[in-house]
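The values are calculated or read from the model by the stated rules, or taken from the named source; none is laboratory data. Given the structure is predicted, the values throughout are model-derived calculations rather than measurements. Neighbour counts are summed over all protein chains in view; Cβ atoms, including those assigned to glycine, are modelled from backbone coordinates with ideal geometry.
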Amino acid sequence: MKPKYLICIFALLLSSCSLESKMERKLRKAERKIEKLTIKYPKLLKRDTVQDTFSITIPSIKHDTAFIDTTSDTTYIYRDKLRIKYIRVGDTTYIEGECKSDTITRTIEIPVERVVVREEGVLDQIKRYLKRYLFWIILIASLAVLVKIGWKFIKPF
């Protein structure tokens, strides 16, 4: 009976440790390290500007109407994107108006701060790894030589 309880308690303890909370802790720790580094070395932050361009298209508007007027005349009015046509035929007057479509383009500059990351070359990485593991390589090689020499003395034939 006791092992069943221990297994249940052990399973309960293991299920409470989630991967999400571990990743969240690692993320917070990394953010704190970056914050400390940027406070200590402000040159690591590089100010940069991101440009974003967006366009808004305004559709054209067109309208027709007719009414009765006493004067007779035909008039065309053109101004920028607006066009108006005033036509009198008999006792009926036709008015047609149109505003052409327009596109508004605007560029916004957004200042951002980014951390400057130095990229290592292949030779730099090899040097770093050799320095790190050189001690272990020498130690294992010397142990291998000592074992080989010792083995000859233990079993000469």
Fill in the blank from the handout: Looking across segment 18-28 at residues that are surrounded by fewer than 10 Cβ atoms within 10 Å (Cβ to Cβ) and assigned to a helix (DSSP H, G or I), the single one that is modelled with the highest pLDDT is E20
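For the structure I just gave you, tell me whether L130 is out of contact with any Pro (no Cβ under 9 Å at 6 or more places or on another chain) and exposed (fewer than 10 other Cβ atoms within 10 Å of the Cβ).
No, not satisfied.
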Fill in the blank from the handout: Screening E113, E98, E119, E109 for residues that are over 39 Å from the mean Cα position of the chain (by Cα) and not aromatic (F, W, Y) leaves only E98
Completion exercise
Counting only strands (runs of 3 or more DSSP E) entirely within segment 68-157, those with at least 1 residues that are free of Cβ contacts under 8 Å to residues at least 24 places away in the same chain are 75-79, 82-89
Exercise for the section: Return yes when R114 is charged (D, E, K, R), surrounded by 10 or more Cβ atoms within 10 Å (Cβ to Cβ) and under 30 Å from T53 (Cα atoms) and no when it is not. Expected result: yes
